[in-house]
Amino acid sequence: MVRQLMNRRGFTLAEVLTTATLIAGLGGGNDFVNPKNEAQQQVCLQHLQVIGQTFLMEDLRGQSLPKACFFPKAPTTTDSLPNLMGPKVEHLAWLCPCAPVKLREHKITYLYNSKLGGRRMSEIEDPTKAWVLADLCLVDTKLPCTHMDGANILFADGMARFVPKTQFPK
């Protein structure tokens with residue numbers, strides 16, 4: 001039997017499919033199955049990071065977070081983040097590339113923690129846990145996550161990171 005195994009030149013189709021299924025099931029398959037989503041998730045994280053750095057720079061200048069709406073009803077809503085921040089943040093940074101087209105029409109695809117509006121980032125307690133901007137599925141568990149069963153979240157420390165759905169902040 002050992003000699004028989006050593007003489008084999010390859011794997012059977014069943015062995016290859018079983019291995020691929022196991023890899024995908026263990027979580028390692030997300031990149032293998034959908035590399036486009038992984039790339040878009042990274043772009044989304046970079047967008048949030050740019051916004052976070054802008055907020056931190058404004059904080060260093062003594063500015064508070066904008067008193068903006070949670071999510072704008074229309075692109076022309078005067079208290080939406082893109083309108084309040086103006087040219088300080090490039091307009092594409094407000095858009096997650098994975099978000100549905102209908103949402104992108106609002107010129108922002110992230111939710112804003114409007115409870116933080118008017119506060120300086122440097123004065124927020126436990127800034128590593130206080131979210132500032134997040135993907136929509138953070139507040140509505142009925143919505144599908146745009147990023148592999150989780151959300152990209154910008155925290156008050158200026159850092160953006162992926163958070164699995166099971167670990168969403170309250």
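A compact table of results
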| item | result |
| --- | --- |
| Where ALA68 falls short, out of the listed (1) of a type in the set (A, V, I, L, M); (2) under 19 Å from ASN152 (Cα atoms); (3) modelled with pLDDT of 90 or more; (4) not in a helix (DSSP H, G or I) | (2) |
| Any pair with Cβ under 7 angstrom, 6 or more apart, that starts in region 72-90 at a residue that is in a loop (DSSP other than H, G, I, E, B) and ends at one that is small (Gly, Ala, Ser) and surrounded by 10 or more Cβ atoms within 10 Å (Cβ to Cβ) | PRO72/SER80; ASP79/ALA68; SER80/ALA68 |
| Residue identified as in contact with a His (Cβ under 9 Å, 6 or more places away or on another chain) and surrounded by 15 or more Cβ atoms within 10 Å (Cβ to Cβ) among TRP131, TRP94 | TRP94 |
| Matching residues, region 145-170, being among the acidic types (Asp, Glu) and in contact (Cβ under 8 Å) with a residue 24 or more places away in the chain | ASP157 |
| Any hit, region 29-44, residues being loosely packed, with under 15 Cβ neighbours inside 10 Å, assigned to a loop (DSSP other than H, G, I, E, B) and at pLDDT 55 or above | yes |
| Positions within region 107-122 being in a loop (DSSP other than H, G, I, E, B) and either under 17 Å from the mean Cα position of the chain (by Cα) or of a type in the set (Lys, Arg) (or both), in sequence order | LYS107, ILE108, THR109, TYR110, ASN113, ARG119, ARG120 |
| Within region 72-91, considering residues that are open to solvent by less than 80 Å² (accessible area, probe 1.4 Å) and of a type in the set (Ser, Thr, Tyr), the one farthest from GLN41 (Cα to Cα) | THR77 |
| Of all residues making up region 112-123, the number that are of a type outside the set (Phe, Trp, Tyr), open to solvent by less than 30 Å² (accessible area, probe 1.4 Å) and in contact with a helix residue (DSSP H, G or I) (Cβ under 9 Å, 6 or more places away or on another chain) | 1 |
| Residue count for region 149-163, restricted to those that are of a type outside the set (D, E, K, R) and within 10 Å of the chain's Cα centre (by Cα) | 8 |
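Yes or no, residue by residue, for (1) surrounded by fewer than 19 Cβ atoms within 10 Å (Cβ to Cβ); (2) modelled with pLDDT of 95 or more; (3) of a type in the set (Phe, Trp, Tyr):
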position: ARG104; (1), (2), (3): yes, no, no
position: TYR110; (1), (2), (3): no, no, yes
position: GLU125; (1), (2), (3): yes, no, no
position: LEU136; (1), (2), (3): no, no, no
position: THR146; (1), (2), (3): no, no, no
position: ALA156; (1), (2), (3): no, yes, no
position: GLN167; (1), (2), (3): yes, no, no
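The values are calculated or read from the model by the stated rules, or taken from the named source; none is laboratory data. Quick caveat, the model's predicted, so the values are computed rather than measured. Here the Cβ is made from the backbone with ideal geometry for all residues, glycine too, and neighbour counts use every protein chain on show. Each accessible area value is taken on the protein alone, full model and side chains, heavy atoms only, with ligands, DNA and RNA left out. Shrake-Rupley method; radii C 1.70, N 1.55, O 1.52, S 1.80 Å.
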